[in-house]
1. Regarding Lys174, is this residue touching a residue at least 24 places away in the same chain (Cβ under 8 Å), more than 30 Å from Arg108 (Cα to Cα) and surrounded by fewer than 20 Cβ atoms within 10 Å (Cβ to Cβ)?
2. Please list, ordered by first then second residue, the pairs with beta carbon atoms under 8 Å, 6 or more apart or interchain, first in segment 123-134 and within 19 Å of Ser85 (Cβ to Cβ) and crowded, with 23+ Cβ neighbours inside 10 Å, second among the basic types (Lys, Arg) and modelled with pLDDT under 95.
3. Can you find a residue in segment 143-161 that is more than 18 Å from the chain's Cα centre (by Cα) and of a type in the set (Lys, Arg)?
4. Within the group Arg102, Arg112, which residue is free of Cβ contacts under 8 Å to residues at least 60 places away in the same chain and basic (Lys, Arg)?
5. How many residues, within segment 140-157, are farther than 15 Å from Lys83 by Cβ and at pLDDT 95 or above?
6. Looking only at segment 66-91, count every residue that is in contact with a helix residue (DSSP H, G or I) (Cβ under 6 Å, 6 or more places away or on another chain) and not basic (Lys, Arg) and tell me the total.
7. Pairs, please: C-beta under 6 Å, at least 6 apart or cross-chain, first residue closer than 13 Å to Pro125 by Cα and surrounded by 14 or more Cβ atoms within 10 Å (Cβ to Cβ) and in segment 147-165, second aromatic (Phe, Trp, Tyr) and modelled with pLDDT under 95?
Amino acid sequence: MPTNGMNSPTPSRRSNRKQKLYAACALLLFAGCATQTSVDRLASGGSRRFEATDQFKMEGLVYGYLLERDFWMAGEYSAIFLKGSDEEVAAFMRQFPNHVPRLKPSDRVRLREASSPVDKETGKPAMLLAAIISEPEGDRVEAIGTYYAGPAVSGKYVFTLKKADGEWMIESVK
């Protein structure tokens, strides 16, 4: 492996590793994808008990923040795919029914290493979003919100969420 004289990989090797890492993360995020039948059933009124949980509310804050950003304005993205169970994705589809680009169940995304995710229905590039919530410490919790549309369009935000008057809110974003 080429080095820069200090026993560490050269910048081009690090860049290649970073691209592979992003692709691997994207693939892991969407392993175990939903089926359209299950999402249709859930979207039309399946169990909604989990929507009252703190975990769902915290993820909703992170996804809401990410969905307000304009990551997709520079590209021709036809869909946004969310990390989550069938029920969670269906609930977020209900929560953001008119979002452009459309939220779609993850069984409609095609993932390829070091390349933009593709919407199977349109053949156009798509974006992946994920909300990862840590264990709460008292009335605060740390969360990470990520977006991925290929190695060149990816990033993350680190959130501090705070519970006040029984409701979670975003305290800070970095």
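The values are calculated or read from the model by the stated rules, or taken from the named source; none is laboratory data. Model, not experiment: these values are computed from the prediction. FYI the Cβ positions are ideal-geometry reconstructions off the backbone, even for glycines, and counts take in every protein chain you see.
1. No; evaluated as a whole, the condition is false for this residue.
2. Leu128/Lys83; Leu129/Lys83; Ala130/Lys83; Ala131/Lys83
3. No, every residue in segment 143-161 fails to be more than 18 Å from the chain's Cα centre (by Cα) and of a type in the set (Lys, Arg).
4. Working: Arg112 fails: free of Cβ contacts under 8 Å to residues at least 60 places away in the same chain.
That would be Arg102, the only listed residue that is free of Cβ contacts under 8 Å to residues at least 60 places away in the same chain and basic (Lys, Arg).
5. Of the residues in that region, 3 qualify.
6. Qualifying residue count for the region: 6.
7. Pro151/Tyr22
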